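So the structure is just underneath, and the comments pick up after that.
The values are calculated or read from the model by the stated rules, or taken from the named source; none is laboratory data. Values in this document were obtained by computation on a predicted structure and should not be read as measured data. Cβ: placed from backbone, ideal geometry, glycine included. Neighbour counts: every protein chain shown. Side chains are part of the model used for accessible areas, which takes the heavy atoms of the whole protein and leaves out ligands, DNA and RNA. Shrake-Rupley method; radii C 1.70, N 1.55, O 1.52, S 1.80 Å.
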Amino acid sequence: MLFEIVWYYIFMNLKHETVLLKETIEYLNISPSGVYIDGTLGGGGHSFHVAERLDSGLLIGVDQDDFAIEKAKVRLAPFEGVVKIVKANFSQIDAITPHLPKGLADGVILDLGVSSFQLDDGGRGFSYKNDGPLDMRMDNSRPLSAYDVVNFYKEDKLKEIFLAYGEEKWSARVAKFIVERREEKLIETSFELVDIIKAAIPKAARKDGPHPAKRVFQAIRIEVNNELGIIEQSIKNFVDILAPGGRLCIITFHSLEDRIVKNTFSSLKNPCACPRGFPMCVCNKKPLVDIITKKPIAPSESELSINPRARSAKLRVAEKL
């Protein structure tokens, strides 16, 4: 009984500051009778502010994380009948479309960042600041965990993902140190991995910039959850099910994600496949979207003063033609 009380207290007090909330809600252009999808439900921050603006409309909240879903259910309880929660990854469009009353949505939100309560829960292994077992799975039913990546990926593969997903310039050295350490003993916890990364990165290189483990932890998390691999096709899937005038609002937290979103939006706005230099288009591919945000929207200084974690966030918005 004591354990249940302690767990409930922790669960209810884990906080997540919703990033770019005001801007996202404004750009979503909500109609009270519209149908909206929050593809990254998390703790329900964006969803709450969509749901409170609906009367005969519907908000479909999607998440693969059981913990996030339970937290969102508590927050969204006042909107029974307006909110439908679906357990799925946002890339699983076939799990989402059956819940659309007319097969189309009027708006979609994707917040691609890891939730604060995931980072702050040491038991999930997401954070280099909290010790816990190496896991990093957003969906606990997935077979691949951070433990598997760190202990069983070959050195060349580790180097590759640290460089590609973390843009870590010391990727080769970090990968080498990990492989050497795991030959003595398998690496089991976040802090064990942090110590190896600190040992691998020269002291002079650790003086400035972010925490020395930040880029490597980011890279492992992206690999475990296939975060980058699903973005482009998911954008195209959501554009397909948007009603004309419907908007897709996407928040990213690092340059790799933002580049994919930017390029995918551009390809949907200018889909012409004719060779460069042709005097006229003969492929007959028509633009699917208009890009509403010519430059990405960044958090205001007032938001950053409250939530420093939002510093790298960018919002891009496209509208279905």
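Some observations on this one:
- Think of a 1.4 Å ball rolled over the protein heavy atoms: the chain then has 50 Å² of accessible area per residue.
- Contact order relative to length of the stretch 242-302, as percent, for alpha carbon pairs under 8 angstrom and 6 or more apart: 25 percent
- The chain, relative contact order in percent, only Cα pairs under 8 angstrom and at least six apart counted: 17 percent
- The length gained by stretching the chain between Ala77 and Asp139 to full extension, at 0.36 nm per residue less their Cα-Cα distance, is 20.0 nm.
- Atom-type composition of the exposed protein surface of the stretch 136-258 places 49 percent of the accessible area on carbon and sulfur (1.4 angstrom probe).
- Placing pseudo-labels 7 Å out from each Cα toward the beta carbon at Lys22 and Asn226 gives an inter-label distance of 3.9 nm.
- Between 0 and 90°, nearest 10: helix 171-184 axis offset from the chain longest Cα axis: 50 degrees
- Potential lengthening between Arg311 and Asp195 on full extension [0.36 nm per residue; Cα-Cα distance subtracted]: 39.1 nm
- For the pair Leu104 and Cys283, a Förster radius of 30 Å applied to the C-beta separation gives a FRET efficiency near 0.70, rounded to the nearest 0.05.
- For the stretch 238-321, the list of trypsin sites (Lys or Arg not before Pro) that fall in a loop by DSSP and count at most 16 other C-beta atoms within 10 angstrom reads Arg276, Lys285, Lys294.
- Estimated FRET transfer efficiency (Asp240, Asp290; beta-carbon r; R0 25 Å; 0.05): 0.95
- Cα gyration tensor shape of the chain, rounded if a/c is under 1.5, else prolate or oblate by comparing a/b with b/c: oblate
- Of the GluC sites (Glu not before Pro) in the stretch 162-258, the ones in a loop by DSSP (not H, G, I, E or B) with at most 16 other beta carbons within 10 Å are Glu167, Glu188.
- Spin-label pair Ser300/Asn130, simplified geometry with 7 Å Cα→Cβ offset, distance in nm: 2.9 nm
- Between the helical axis of 2-13 and the longest alpha-carbon principal axis of the chain there is an angle of about 50 degrees.
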